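S.K.: Before I ask anything, let me first share the structure, which is written out below as structure tokens.
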Amino acid sequence: MAKIKKGDLVQVISGAKPERGGDRGKQGKVLEVLSEQNRVIVEGVNYVTKHNRVGQSQRGTKTGGIETFEAPIHISNVALVDPSTKKPTRVGHRVEEQVKDGVKRTVRVRYAKKSGKDL
């Protein structure tokens, strides 16, 4: 089971320091998880520029130019942020029983390991 999901708040824990133009220490929301490649796309982190050839669509509008967008970052380079302390933390899972509409179910719940609070 993945420890990081879409919509989670994560912090970049490796890479170049911000003084050197890097993204270490930046926090952002996960936009997409690419589980096959073990990568995530984080909002506002790892911006890259792509130059597209200028062309014309069928209606005559110009396409192309310079685009900036977020590139994927390896999942090992980000850590989940504990919502209460706003600091990166490790994540664990525990099995709990929940009763819903009179039916017992076992559910895996994520929790922050250092603080012990549920995420």
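S.K.: If the elastic network links every pair of Cα atoms under 10 Å, which of Lys87, Lys17, Lys100 fluctuates the most in the Gaussian network model of the chain?
M.R.: Lys100
S.K.: Of the listed values (i) 37, 21, 11; (ii) 29, 15, 9; (iii) 23, 15, 12, identify the label whose number matches semi-axes √(5λ) of the Cα gyration tensor in Å calculated from this model.
M.R.: The calculated read-out lines up with (i).
S.K.: Let me ask something else about it. Amide H neighbours of Arg39 under 5 Å, at least 5 residues apart or on other chains, H built in the peptide plane: list them.
M.R.: Correct list: Leu34, Ile75.
S.K.: While we're on this one: What number, in percent, do you get for the relative contact order of the chain if the mean sequence gap of Cα pairs under 8 Å and at least 6 apart is divided by its residue count?
M.R.: Computed value for the chain: 19 percent relative contact order.
S.K.: What length, rounded to one decimal in nm, is gained on full extension from His51 through to Lys3, with 0.36 nm per residue of separation minus their alpha-carbon distance? Write out the running numbers ahead of the final one.
M.R.: Details: separation 48, 0.36 × 48 = 17.28 nm, distance 3.43 nm.
The span from His51 to Lys3 would gain 13.8 nm if fully extended.
S.K.: Can you sort Ser76, Ser57 by 1.4 Å-probe accessible area, starting with the largest?
M.R.: Ser76, Ser57
S.K.: Over region 1-50, what is the mean sequence separation of C-alpha contacts under 8 Å (at least six apart), divided by residue count, expressed as relative contact order in percent?
M.R.: This gives 30 percent for region 1-50.
S.K.: Whole Å is fine, so just give me how far the alpha carbon centre of region 5-34 lies from that of region 63-110.
M.R.: Region 5-34 and region 63-110 have Cα centres spaced 13 Å from each other.
S.K.: Can you order the peptides 58-67, 23-32 by their average number of other Cβ atoms within 10 Å per residue, highest first?
M.R.: Descending mean neighbour count gives 23-32, 58-67.
S.K.: Structure shown: which of Lys3/Lys114; Lys17/Lys50; Lys29/Lys50; Lys5/Lys104; Lys6/Lys50; Lys26/Lys113 lie over 18 Å apart, alpha-carbon to alpha-carbon?
M.R.: Flagged as over cut-off: Lys17/Lys50; Lys29/Lys50; Lys5/Lys104; Lys6/Lys50; Lys26/Lys113.
The values are calculated or read from the model by the stated rules, or taken from the named source; none is laboratory data. Everything numeric in this text was worked out from a predicted model, so none of it was measured. Cβ: placed from backbone, ideal geometry, glycine included. Neighbour counts: every protein chain shown. Calculation scope for accessible area: heavy atoms of the full protein, side chains included, ligands and nucleic acids excluded. Shrake-Rupley method; radii C 1.70, N 1.55, O 1.52, S 1.80 Å.
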